[in-house]
Structures are given as structure tokens and as C-alpha cells.
Amino acid sequence: MNWFVTGTDTGIGKTLVSSAMLSLLAGSGLRAVGMKPVAAGLEERDGEWRNEDVEQLRAAGNVDAPLALRSPYLLRAPMSPHLAAREEGVHITLRPMLLAFAELSARADAVVVEGVGGFCVPFGDDLDSADLAVALGLPVILVVGLRLGCLNHALLSAEAVRARGLVLAGWVASVVDPSMLAPQANLQTLRARLGAPLLGVVPHLQQPGAAQAARHIDLRALRATAAHAARRAAAEESAALA
Ligand SMILES: Nc1ncnc2c1ncn2[C@@H]1O[C@H](COP(=O)(O)OP(=O)(O)O)[C@@H](O)[C@H]1O
Ligand SMILES: [Mg+2]
């Protein structure tokens with residue numbers, strides 16, 4: 001039971017929602033682990049270099065796995081991965097990320113892969129985050145940060161996901177801007193146009209955290225997306241064999 005979590009932008013709630021998913025899955029008795037294949041932005045804390053997203057995902061899951069598996073590409077500068085990688089002379093390729101994912105999925109019942117920024121963030125001259133999503137072949141969850149402009153970002157993202165042959169398995173709204181006008185009407189518009197199940201609406205939280213956000217995500221609906229993806233994969237496999 002694995003998902004690729006993408007979002008309408010950076011800073012809109014992907015880590016919060018991914019952590020909430022992990023917290024829910026772990027709370028339901030599953031072995032759940034988060035993965036951030038490329039993390040850009042390290043801060044020194046207690047003499048160690050840490051990435052905030054990677055730490056949040058680790059805290060929300062319940063599987064202990066080496067950092068090299070949970071985040072194969074940790075880059076120092078908080079900027080687009082292709083620029084941060086270039087600065088460090090790093091060439092991001094799919095193989096280490098796919099191997100790390102395979103290793104994590106062998107150790108857990110559920111892997112939640114948090115993408116980087118929006119869906120098409122460049123990793124290098126010849127690779128972007130959408131290529132990673134395709135190579136992983138996972139059902140995609142879109143996090144929509146509710147703020148002005150999110151309808152266009154959400155619809156473009158859904159189109160890009162589907163154009164690559166991936167399944168938009170569901171979406172979660174996160175109220176990042178509590179002063180946004182007409183939030184309900186915006187949600188209605190997205191419900192009508194995204195063509196995928198809404199798995200939850202995380203309100204603007206005073207103290208955003210995995211457990212608090214998890215209360216607003218529908219575990220049954222989330223699990224149903226995985227069951228649906230598994231059925232679809234099985235049908236595709238038997239069609240290919242026929
Ligand atoms: N529903 C919400 N309520 C309050 N704060 C939120 C909410 N969603 C996101 N945030 C805050 O916005 C910031 C960016 O969220 P994050 O999950 O890190 O985004 P992303 O992973 O997309 O970059 C964080 O400080 C997070 O706590
Ligand atoms: Mg994040």
C-alpha cells in the first residue's frame with residue numbers, strides 16, 4: 001500500500017498531509033514509513049545536519065529505516081533540487097531512489113513518498129519529479145493548498161499526472177491561508193472538476209502536526225485508493241499476459 005504525494009506548490013501542506021497519512025496508517029496497526037527521495041535544505045541542529053521534512057516524516061511513521069533509504073538525496077541548499085544538486089556536483093538519477101523505495105516497501109506495509117515542490121520540479125537536465133512518479137508507478141495523492149490561485153494549480157497538476165499515465169487516486173485540501181475568500185465554493189469547484197475522491201480537508205490548524213491533521217483524513221477512503229490501485233495493477237498485468 002504505497003502512494004506518491006504531490007502538491008499544488010511548495011509550502012502548501014505536503015509534509016503535513018504525508019505525516020498525517022503515516023500517523024493514521026501507523027495508528028491502524030500497519031508498519032508505515034515515509035520517504036522523501038530528494039530533500040533540499042539542511043539545517044544544523046545538535047551538531048547534525050537535518051532536513052525538516054525528513055524529520056517530520058520519520059516522527060510520523062513507525063518503521064526505523066536508515067536515512068539513506070528514507071532520503072537518498074539530501075541536498076544542502078534550500079532551492080530547486082537541480083540547482084542544489086549542481087552546486088554540490090551531484091547527479092540525481094532514478095536508480096538509487098527506486099532501490100531505496102524497494103527496500104523500504106519490503107520493510108513496511110505502507111510507504112508514503114513525498115514529492116518535491118510541485119509535480120514537475122526539475123532534478124537535473126534530463127530528469128524531473130514527474131519522471132520519478134512514473135518510475136515508481138504509484139497512485140498519486142494531490143495536496144491542494146487552499147489559497148487564491150489553487151484551482152488552476154490543482155487542475156494543471158491533475159492534468160499532468162494523468163498525461164503521464166498515472167492515477168490521481170485522491171486529493172486532500174489543506175487550509176494554508178485562513179483568510180482565503182469562499183473556501184467552500186473553491187472546494188466545491190475542485191470536487192466537481194478534479195475527478196478523484198476528496199480524502200479530507202485539513203482546516204487551518206493552530207498547532208499543525210501529524211496527529212492533529214490526521215483527524216481530518218478519511219482512513220477508509222485512503223485505504224480504498226490503495227485497493228483500487230492494486231486491482232487496476234492486477235488487471236493491467238493479466239491484460240499484458242493475455
Ligand atoms: N492546514 C494547515 N494549518 C496550519 N498550517 C499549515 C496547514 N497546512 C500547512 N501548514 C503549514 O504550512 C507550512 C508548509 O507546510 P508543509 O506541509 O511543510 O508544506 P510542503 O511539504 O508542501 O512544502 C508548514 O509550516 C505547515 O505547518
Ligand atoms: Mg514538504
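The values are calculated or read from the model by the stated rules, or taken from the named source; none is laboratory data. Predicted model, so just to flag it, every value in this text is computed and none were measured. Cβ: placed from backbone, ideal geometry, glycine included. Neighbour counts: every protein chain shown.
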> Out of (1) surrounded by fewer than 17 Cβ atoms within 10 Å (Cβ to Cβ); (2) within 16 Å of ligand 2 (Cβ to nearest atom); (3) farther than 24 Å from G165 by Cα, the odd one out for D64 is which?
Replying inline: (2)
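Looking only at region 41-53, which residues are within 16 Å of ligand 2 (Cβ to nearest atom) and part of a loop (DSSP other than H, G, I, E, B)? Give the steps one after another, and end with the answer.
First, pick out the residues of region 41-53 that are within 16 Å of ligand 2 (Cβ to nearest atom): 41-43, 50-53.
Within region 41-53, G41, L42, N51 qualify.
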> Does any residue of region 200-218 turn out to be of a type in the set (D, E, K, R) and within 16 Å of ligand 2 (Cβ to nearest atom)?
Replying inline: no
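I'd like to know if region 215-235 contains one or more residues that are farther than 26 Å from G137 by Cα and surrounded by 12 or more Cβ atoms within 10 Å (Cβ to Cβ). I'd like the intermediate steps shown before the answer.
Of region 215-235, the ones farther than 26 Å from G137 by Cα are 215-216.
Those left that are additionally surrounded by 12 or more Cβ atoms within 10 Å (Cβ to Cβ): 215-216.
Yes: region 215-235 contains one or more residues that are farther than 26 Å from G137 by Cα and surrounded by 12 or more Cβ atoms within 10 Å (Cβ to Cβ).
Condition test on A85, is it modelled with pLDDT of 95 or more and farther than 21 Å from L42 by Cβ? Before you say what the answer is, go through the steps one by one.
Working: modelled with pLDDT of 95 or more: yes; farther than 21 Å from L42 by Cβ: no.
No; evaluated as a whole, the condition is false for this residue.
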> Taking the stated definitions as given, is D128 charged (D, E, K, R) and either without any contact (Cβ under 8 Å) to a residue 24 or more places away in the chain or in contact with a strand residue (DSSP E or B) (Cβ under 7 Å, 6 or more places away or on another chain) (or both)?
Replying inline: yes
> Since N62 meets every condition but one in (1) within 16 Å of ligand 1 (Cβ to nearest atom); (2) in a loop (DSSP other than H, G, I, E, B); (3) of a type in the set (S, T, N, Q), which condition does it not meet?
Replying inline: (1)
> Can you find a residue in region 138-157 that is in a strand (DSSP E or B), among the small types (G, A, S), under 22 Å from D218 (Cβ atoms) and within 13 Å of ligand 1 (Cβ to nearest atom)?
Replying inline: yes
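Which of the following residues is at pLDDT below 95 and hydrophobic (A, V, I, L, M, F, W, C): A240, A224, A133, A192? Full working, then the answer.
Numbers: A224 fails: at pLDDT below 95; A133 fails: at pLDDT below 95; A192 fails: at pLDDT below 95.
Step by step, each of A240, A224, A133, A192 is checked, and only A240 is at pLDDT below 95 and hydrophobic (A, V, I, L, M, F, W, C).
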> Looking at region 1-35, which of its residues are away from ligand 1 (no atom under 12 Å from the Cβ), touching a residue at least 12 places away in the same chain (Cβ under 8 Å) and of a type in the set (G, A, S)?
Replying inline: S23, A26, G27, S28, A32
> So how many residues does region 36-47 have that are touching a residue at least 60 places away in the same chain (Cβ under 8 Å) and either more than 10 Å from ligand 1 (Cβ to nearest atom) or surrounded by fewer than 21 Cβ atoms within 10 Å (Cβ to Cβ) (or both)?
Replying inline: 4
> Given the conditions (1) closer than 22 Å to G200 by Cβ; (2) more than 16 Å from ligand 2 (Cβ to nearest atom); (3) in a helix (DSSP H, G or I); (4) in contact (Cβ under 8 Å) with a residue 24 or more places away in the chain, and given that R162 satisfies all but one, which numbered condition is not satisfied?
Replying inline: (4)
>> Exactly one condition in (1) in contact with a Ser or Thr (Cβ under 9 Å, 6 or more places away or on another chain); (2) away from ligand 1 (no atom under 11 Å from the Cβ) is false for R50; which is it?
In response: (1)
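Mind checking whether some residue in region 203-214 is closer than 23 Å to A26 by Cα, surrounded by fewer than 19 Cβ atoms within 10 Å (Cβ to Cβ), touching a Gly at 6+ places or on another chain (Cβ under 6 Å) and not basic (K, R)?
Residues of region 203-214 closer than 23 Å to A26 by Cα: 203, 205, 207-214.
Narrowing further to those that are surrounded by fewer than 19 Cβ atoms within 10 Å (Cβ to Cβ): 203, 205, 207-209, 211-212.
Right, trim to touching a Gly at 6+ places or on another chain (Cβ under 6 Å) and you get none.
Scanning region 203-214 turns up no residue that is closer than 23 Å to A26 by Cα, surrounded by fewer than 19 Cβ atoms within 10 Å (Cβ to Cβ), touching a Gly at 6+ places or on another chain (Cβ under 6 Å) and not basic (K, R).
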>> Name the single residue that is surrounded by the fewest Cβ atoms within 10 Å (Cβ to Cβ) among those in region 92-122 being within 16 Å of ligand 2 (Cβ to nearest atom), among the β-branched types (V, I, T) and in a loop (DSSP other than H, G, I, E, B).
In response: V121
>> Given the criterion within 10 Å of ligand 2 (Cβ to nearest atom), within 24 Å of W171 (Cβ to Cβ) and either in contact with a Gly (Cβ under 6 Å, 6 or more places away or on another chain) or among the aliphatic types (A, V, I, L, M) (or both), identify the matching residue among V38, V17, V33.
In response: V17
